[in-house]
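Enquirer: Supplied in structure tokens, the structure appears directly below.
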Amino acid sequence: MPKPNSTSVAEFLFEGFSSFGWQHRLGFFVVFLTLYLLTLSGNAVILTIIRLDRHLHTPMYFFLSMLSISETCYTVAIIPCMLSGLLSPHQTISLQGCATQLFFYLTFGINNCFLLTAMGYDRYMAICNPLRYSVIMGKEACIQLASGSLGIGLSMAIVQATSVFGLPFCDAFVISHFFCDVRPLLKLACTDTTVNEIINFFISICVLVVPMGLVFISTSLKIASAEGRKKAFATCASHLTVVIVHYGCASIIYLKPKSQSSLGQDRLISVTYTVITPLLNPVVYSLRNQDVRDALCRAMGRKPLSS
């Protein structure tokens, strides 16, 4: 129950990077803005190339285009607010605005996790069932996997957001973060949050551990020879790079015990999966992908590098 004589909170205040001097904040602003613009432009290029080049009208690139759209929405939900906070410290956000940001952050963050799993499944089918691949991974199956990923993201985001904002917030209103995230918000609630912590941990297991396990299993099981497994990992190297960084950083935040949680440390790690990881997708999947490089050459009227 809320404490007696407490005041209900109508808005929150982001602590963000206010502990840094304005010179450091200006430097962060320039760096983060540059990375953000690179992410947006990189995803735009990927979407355009996949749309225009018929050679890329395959399940793998369908999922990559869905991931680019999801990553763009994910960054739009967080980074503009963070950039604004760097220029204007002690930025406030309404209770409704905070709930909206948390909802979209969770929706597209979870969607990304399951899209990466779908991409791993696609590679598994391409390697282990090459003769039946085109039948198994038809257009309908791809749409169902992409829709399922978004559906899981929406449903889990609704559960999380409802769980968090069903709590009373009174007196304490400073969020020790640069956006509305689950753990910093739970620390501000003026009631017992044990049930909410359990819900958060259970959802984190479902979203992080299970998909990550499926991705790695799909690249190694049912491939009898060591040479076959080596080929599978070589084929999926780019994908595994993104998976390790994406799931690894998020797991550090959401799966460690509450007693070991440091909001300052969590804030720095959050920069990795909110600013840096989204940039990995267009960089890794384009610079390390021969098909995308060839498509870029064709788009510019040049001879493909692989020919």
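The values are calculated or read from the model by the stated rules, or taken from the named source; none is laboratory data. Just so you know, these numbers come straight off a predicted model, no measurement behind them. Don't worry about glycine lacking a Cβ; one is built from the backbone with ideal geometry, like all the others, and counts go over all protein chains shown. Just the protein is used for accessible areas: all its heavy atoms, side chains included, with ligands, DNA and RNA removed. Shrake-Rupley method; radii C 1.70, N 1.55, O 1.52, S 1.80 Å.
Enquirer: With the requirement that a residue be over 12 Å from residue 12 (Cα atoms) and either crowded, with 22+ Cβ neighbours inside 10 Å or aliphatic (A, V, I, L, M) (or both), what does segment 159-180 give you?
Expert: 159, 160, 161, 164, 167
Enquirer: What about residue 59, is it at pLDDT below 85 and either of a type outside the set (D, E, K, R) or under 16 Å from the mean Cα position of the chain (by Cα) (or both)?
Expert: So residue 59 does not fit the description; no.
Enquirer: Any idea which residue in segment 95-119 is modelled with the highest pLDDT, counting only those that are over 21 Å from residue 143 (Cβ atoms) and of a type in the set (Ser, Thr, Tyr)?
Expert: The first filter runs over segment 95-119 and keeps only residues over 21 Å from residue 143 (Cβ atoms), leaving 95-106, 109.
Filter once more, keeping what is of a type in the set (Ser, Thr, Tyr): 100, 105.
Values: 100: 95, 105: 92.
Selected residue: 100.
Enquirer: For the list (1) touching a helix residue (DSSP H, G or I) at 6+ places or on another chain (Cβ under 8 Å); (2) hydrophobic (A, V, I, L, M, F, W, C); (3) in a helix (DSSP H, G or I), I need the number of the one condition that residue 93 fails.
Expert: (3)
Enquirer: Return the residue satisfying two criteria in turn: it lies in segment 84-102 and is among the aliphatic types (A, V, I, L, M) and surrounded by 16 or more Cβ atoms within 10 Å (Cβ to Cβ), and of such residues it is farthest from residue 272 (Cα to Cα).
Expert: 95
Enquirer: If the requirement is being over 27 Å from residue 145 (Cβ atoms) and touching a helix residue (DSSP H, G or I) at 6+ places or on another chain (Cβ under 8 Å), which of these qualifies: 33, 40, 56, 64?
Expert: One residue alone meets the criteria, 33.
Enquirer: What are the residue pairs meeting all of these: first residue in segment 135-146, first residue without any contact (Cβ under 8 Å) to a residue 24 or more places away in the chain, second residue assigned to a helix (DSSP H, G or I) and open to solvent by 100 Å² or more (accessible area, probe 1.4 Å), Cβ atoms under 8 Å, and 6 or more apart or on different chains?
Expert: Filtered contacts from segment 135-146: no entries.
Enquirer: Still on this structure, I have one more. Would you check if residue 208 is open to solvent by 50 Å² or more (accessible area, probe 1.4 Å), closer than 30 Å to residue 123 by Cα and in contact with a helix residue (DSSP H, G or I) (Cβ under 8 Å, 6 or more places away or on another chain)?
Expert: no
Enquirer: Which of the residues spanning segment 119-158 are polar (S, T, N, Q) and either buried (at least 21 other Cβ atoms within 10 Å of the Cβ) or closer than 30 Å to residue 104 by Cβ (or both)?
Expert: Passing the criteria: 144, 147, 149, 155.
Enquirer: Hey, another quick one. Kindly evaluate residue 151 against the criterion of being of a type in the set (Gly, Ala, Ser) and touching a residue at least 24 places away in the same chain (Cβ under 8 Å). Step through it out loud before you land on a result.
Expert: Details: of a type in the set (Gly, Ala, Ser): yes; touching a residue at least 24 places away in the same chain (Cβ under 8 Å): no.
Here the answer is no, as residue 151 does not meet what is asked.
Enquirer: Return the residues of segment 163-176 that are over 15 Å from residue 97 (Cα atoms) and touching a helix residue (DSSP H, G or I) at 6+ places or on another chain (Cβ under 6 Å); say none if nothing qualifies.
Expert: Answer for segment 163-176, where residues must be over 15 Å from residue 97 (Cα atoms) and touching a helix residue (DSSP H, G or I) at 6+ places or on another chain (Cβ under 6 Å): 163, 176.
Enquirer: In segment 262-289, which residue that is open to solvent by 40 Å² or more (accessible area, probe 1.4 Å) and modelled with pLDDT under 70 is farthest from residue 47 (Cα to Cα)?
Expert: Restricting to residues being open to solvent by 40 Å² or more (accessible area, probe 1.4 Å) and modelled with pLDDT under 70, the top hit is 262.
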